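Visitor: This structure is in structure tokens; I'll ask about it shortly.
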Amino acid sequence: MVFIKNDSVLRNCFIIRYADKLLNQFCASNNKKILAFCVLLLDIVLGYSLQYLCTETGFSVQQIPDLIAVSTEYTVRNLKHILHWLMRNPAGLKLNSVLSQALGNFFLYHIHLWVTYINLILPAVGNIFLLLSPYLRFFPLSLQLAILGDVLTVLSLHIFCFYAYARRITQLQYSGCLAYARLFAGKKYNPLRKRIDTADDVRIEHLFLGTILFTVLLFLLPTTTTFFTVFALLRLTSLSVLKTLSVIISVNQFDWILETC
């Protein structure tokens, strides 16, 4: 991408990436400009055909916010069911009941915040689709999919927050277990030189305290790992949907043909 820096947050925006790719194609050689123009015309025809098909089947863009609300309600209901299941020793796993209750209530509260966020943002999304509905049929299919991708990205923002919380807690516990395991072996991590050095000043008091903390972290790790796995799978599902949209847009823009020209 020429117009977007690799470290820019804009590279995650579907519409910005679509516009950037379109500009790159029309800033290329003359032969590539002609091919890109033909691809754009085909894309517009496909977009119009899709909107015509939706109209014939009785589906309109004004129904998208309602569809999003139903999908969100279904996801939230099942996610709450999974969290309550995790708080009750799921599948015979002997999780720490106190920690599982604390983590479950923590994530249930953030799910409540997510639902509040969705309820606040859905009217704005509905107004956007209502505003675009008379002109959406003239948009290229890739642009329509890019708009849908950005809407899904905004709505699934809290899923990435859930994953970040669970990942951070699990990573801290794993790092603590690893540090105390090095302590028992007479080693320590040197953050300045980024290497493992020999610990010469280890005393009995350090080993005693390290044993207690290592035991606590080790027995709590399966509980946090279980919660992390659930939200990692949820994030993977969200990323799969967004990646599928991205691949469809790339195929629809015939990137594999334009790159070889």
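Visitor: Report yes if LEU207 is surrounded by 12 or more Cβ atoms within 10 Å (Cβ to Cβ) and either closer than 24 Å to ARG88 by Cβ or under 33 Å from the mean Cα position of the chain (by Cα) (or both), otherwise no.
Guide: no
Visitor: Could you check segment 6-28 and list, in sequence order, the residues that are assigned to a loop (DSSP other than H, G, I, E, B) and either aliphatic (A, V, I, L, M) or at pLDDT below 70 (or both)?
Guide: ASN6, ASP7, SER8, ALA28
Visitor: Taking the stated definitions as given, is ILE34 surrounded by fewer than 12 Cβ atoms within 10 Å (Cβ to Cβ), of a type in the set (Val, Ile, Thr) and either in contact (Cβ under 8 Å) with a residue 24 or more places away in the chain or not assigned by TED's automatic domain parsing to the domain that holds ILE118 (or both)?
Guide: So ILE34 fits the description; yes.
Visitor: Restricting to segment 158-172, and then to whatever is surrounded by fewer than 18 Cβ atoms within 10 Å (Cβ to Cβ) and touching a residue at least 40 places away in the same chain (Cβ under 8 Å), can you tell me which residue is nearest to the chain's Cα centre (by Cα)?
Guide: PHE160
Visitor: Which of the numbered conditions does SER246 fail, given that it passes all the others? Conditions: (1) touching a residue at least 40 places away in the same chain (Cβ under 8 Å); (2) small (Gly, Ala, Ser); (3) over 30 Å from ILE111 (Cβ atoms).
Guide: (3)
Visitor: Let me ask something else about it. Look through segment 56-77, keep the residues that are in a helix (DSSP H, G or I) and in contact (Cβ under 8 Å) with a residue 24 or more places away in the chain, and return whichever of them is surrounded by the fewest Cβ atoms within 10 Å (Cβ to Cβ).
Guide: GLN62
Visitor: Quick one: count up the residues across segment 107-138 that are under 19 Å from CYS161 (Cβ atoms) and without any contact (Cβ under 8 Å) to a residue 12 or more places away in the chain.
Guide: 5
Visitor: Next question. Going by what's in this entry, would LYS194 be described as among the basic types (Lys, Arg), modelled with pLDDT of 85 or more and surrounded by fewer than 16 Cβ atoms within 10 Å (Cβ to Cβ)?
Guide: It is false that LYS194 is among the basic types (Lys, Arg), modelled with pLDDT of 85 or more and surrounded by fewer than 16 Cβ atoms within 10 Å (Cβ to Cβ).
Visitor: Now, a different point. Determine, yes or no, whether LEU95 is modelled with pLDDT of 85 or more and either out of contact with any Phe, Trp or Tyr (no Cβ under 8 Å at 6 or more places or on another chain) or farther than 16 Å from THR225 by Cα (or both).
Guide: no
Visitor: In segment 116-155, which residues are under 22 Å from ASN252 (Cβ atoms), under 19 Å from the mean Cα position of the chain (by Cα) and not β-branched (Val, Ile, Thr)?
Guide: Residues satisfying the conditions are LEU145, ALA146, LEU148, GLY149, ASP150, LEU152.
The values are calculated or read from the model by the stated rules, or taken from the named source; none is laboratory data. A quick note: this is a predicted structure, and the numbers were derived from the prediction, not measured. For neighbour counting, all protein chains shown are included, and Cβ atoms are generated from backbone atoms with ideal geometry for every residue, glycine included.
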